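Reading through the structure tokens given below for one structure.
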Amino acid sequence: PARLRHTNFTRQRKLSLFVMAGMVCGIRRDVISLLNKTGSIGNLPLEAIAMIDHRNLAYGPQVVWQKYRDSIFCPVLKGDLPYQKRFFDVALSGCLPVVIASASSVSGQDSWWSPGAEPWYLTHPFAKRNSSEQDRDHFVDYQSFVVTVREGHMNIVKTLEDLMKTPDTIKEMQVALAAAAPMLS
């Protein structure tokens, strides 16, 4: 955690986006295909890798972590469970996690996993649900640094293109991620 406090989360990045994911569901196949057709976001290249076999990785862990550190956005697409190690890997690397929102099992709340599933604040540790939760040091304000894609997973490029037009917003999110990272570690 101490090292994270000295990491520059707002540094310049080489990639707009990096994702390497197994093709375990339709959302992943759709998003990887769309991203590969797109090629860049906000005039920065992106890298979207489809893993056909989980044991046949395109890159080793050190390269993947470097790709996360070199990227502004890292999609965390639906996997086997509502929580994923990848979410925390990208966040601790300084890459803004990108999630697909859908209606959860709690009316008016988002799931970052699947329609009708648990809301994000039940699947992510130390989640600050709203501004009325006062003890800031014991909560993580995920909403301050997670990029939420609404209106379906195929809206990911538009969401990220729009965000790239507001570099001050991205910087605010990176600063919020830097504040949350020690708690996530």
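First measure r as the distance between the Cβ atoms of Q62 and K171, then evaluate 1/(1 + (r/R0)^6) with R0 = 25 Å and state the FRET efficiency to the nearest 0.05.
0.40
Given Cβ point charges of +1 (Lys, Arg) and -1 (Asp, Glu) and nothing else, what value in debye, to the nearest 20, does the dipole of the chain about its Cα centre take?
Computed charge dipole of the chain: roughly 500 debye.
Which one of Y59, L160, Q109 is farthest out on the positive end of the charge dipole of the stretch 41-185, using unit charges on Cβ (Lys, Arg +1; Asp, Glu -1) and the Cα centre as origin?
Highest projection toward the positive end goes to Y59.
Which of these, K37, K78, K128, has the largest mean-square fluctuation under a Gaussian network model of the chain (Cα springs below 10 Å)?
For the chain, modelled as a Gaussian network with Cα springs under 10 Å, the answer is K37.
Taking all protein chains in place and a 1.4 Å probe, what share, in percent, of the accessible surface of the stretch 1-153 do carbon and sulfur account for?
Using a 1.4 Å probe with all protein chains present, the stretch 1-153 comes out at 49 percent carbon and sulfur.
Which of S71, A181, F126 sits farthest toward the positive end of the charge dipole of the chain, with +1 on the Cβ of Lys and Arg and -1 on the Cβ of Asp and Glu?
Looking along the dipole axis, the top candidate is S71.
Ordering L122, L44 by accessible area with a probe of 1.4 Å, largest first, what comes out?
L122, L44
Nothing charged except the Cβ atoms of Lys and Arg (+1) and of Asp and Glu (-1): what's the magnitude of the dipole of the stretch 29-79 about its Cα centre? Round to the nearest 20 debye.
In debye, rounded to 20, the stretch 29-79 gives about 80.
What is the gain in length, in nm to one decimal, between S40 and K14 on full extension, counting 0.36 nm per residue of separation less the C-alpha to C-alpha distance?
8.2 nm
Do any cysteines of the chain lack a neighbour Cys whose Cβ is under 4.7 Å away, and which are they?
When partners are defined as cysteine Cβ atoms under 4.7 Å apart, the chain leaves C25 without one.
With bins 10 Å wide starting at 0, give me the P(r) of the stretch 41-185 over every alpha carbon pair, in whole percents.
Taking every Cα pair in the stretch 41-185, the percentages come to 11, 40, 38, 11, 1.
Among K37/K128; K14/K37; K128/K171, which pairs are too far apart, with a Cα-Cα distance over 26 Å?
K37/K128
Accessible area per residue, 1.4 Å probe, Å², for the chain: what's the number?
In whole numbers, the chain has 53 Å² accessible per residue.
The values are calculated or read from the model by the stated rules, or taken from the named source; none is laboratory data. As the structure is a prediction and not an experimental result, all values here were calculated from the model. Every residue, glycine among them, receives a Cβ derived from its backbone with ideal geometry; neighbour counts consider all protein chains shown. These accessible areas exclude ligands, DNA and RNA; they are computed on the full protein's heavy atoms, side chains included. Shrake-Rupley method; radii C 1.70, N 1.55, O 1.52, S 1.80 Å.
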